[in-house]
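The values are calculated or read from the model by the stated rules, or taken from the named source; none is laboratory data. Keep in mind that what you see is a predicted model, and the values were worked out from it rather than measured. In this analysis, Cβ positions are derived from the backbone assuming ideal geometry, glycine residues included, and neighbour counts consider all displayed protein chains. The accessibility values were calculated without ligands, DNA or RNA, using every heavy atom of the protein model including side chains. Shrake-Rupley method; radii C 1.70, N 1.55, O 1.52, S 1.80 Å.
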Amino acid sequence: MIALGCDHGGFGLMQEVIKFLEENNYEYKNFGTYSEDSCDYPDYAKKVAEAIQKGECEKGILICGTGIGISITANKFKGIRAALCHDCFSAKATREHNDANIVAMGARVVGPGLATEIVRLFLTTPFSNDERHIRRINKIED
Ligand code: RB5
């Protein structure tokens, strides 16, 4: 199950991401926001981070205007590794090296074609399970 969260700035791009998830039969839970009315991105980062902490969802996708505020917030939650990605290389590398459990993007930074490719790579790339990456992730948790 994939947790989704966005603010008003990310709402439009999130609709494109949802279309991609549905076309590819991914199960998701949408924690909002549900319109372009102004709202506060930390509220949605919190909902998604807590869904992952509880084990209700395995991964999350967060979108705001830049992706910055929403990823900063998500990374305040223990066990959350939110990666701000605006290119395909980073989306793949953060799964392999950081075992990122959230991908964050900025709707004012990337278009829908690139965003859905970033999401595809984030969802399909496995963690490397490499001992040195595990050691580094454990240091983050400590
Ligand atoms: C909202 O205007 C904007 O500040 C927000 O979407 C995000 O870019 C914050 O980091």
Carbon and sulfur %, accessible surface of the range 42-142 computed with the full protein complex present, 1.4 Å: 53
Rounded to whole Å², per residue accessible area for the chain with a 1.4 Å probe reads 50
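Test of understanding: given the chain, find the longest segment containing no GluC sites (Glu not before Pro) that are in a DSSP loop and have at most 15 other Cβ atoms within 10 Å.
Counting at most 15 other Cβ atoms within 10 Å as exposed, the longest clean stretch of the chain is 59-142.
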Considering only DSSP states other than H, G, I, E and B, which trypsin sites (Lys or Arg not before Pro) in the range 101-136 qualify as loop sites with at most 14 other Cβ atoms within 10 Å? ARG108
Please tell me the relative contact order of the chain in percent, rounded to the nearest whole number, where contacts are Cα pairs under 8 Å and at least six residues apart. 25
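Hey, could you get me the Stokes-Einstein D for the chain, Kirkwood radius over alpha-carbon pairs, 37 °C and 0.692 mPa s, rounded to whole µm² s⁻¹?
Rounded to a whole number, D works out at 224 µm²/s.
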A chain fully extended from CYS88 to ILE68 at 0.36 nm per residue, minus the present Cα-Cα distance, gains in nm 5.5 nm
All alpha-carbon distances of the range 47-107, grouped into 5 Å bins from 0, give the whole-percent distribution 4, 22, 31, 25, 15, 3
Compactness of the range 1-49 - radius of gyration and Dmax, Cα, Å: 10.5, 30
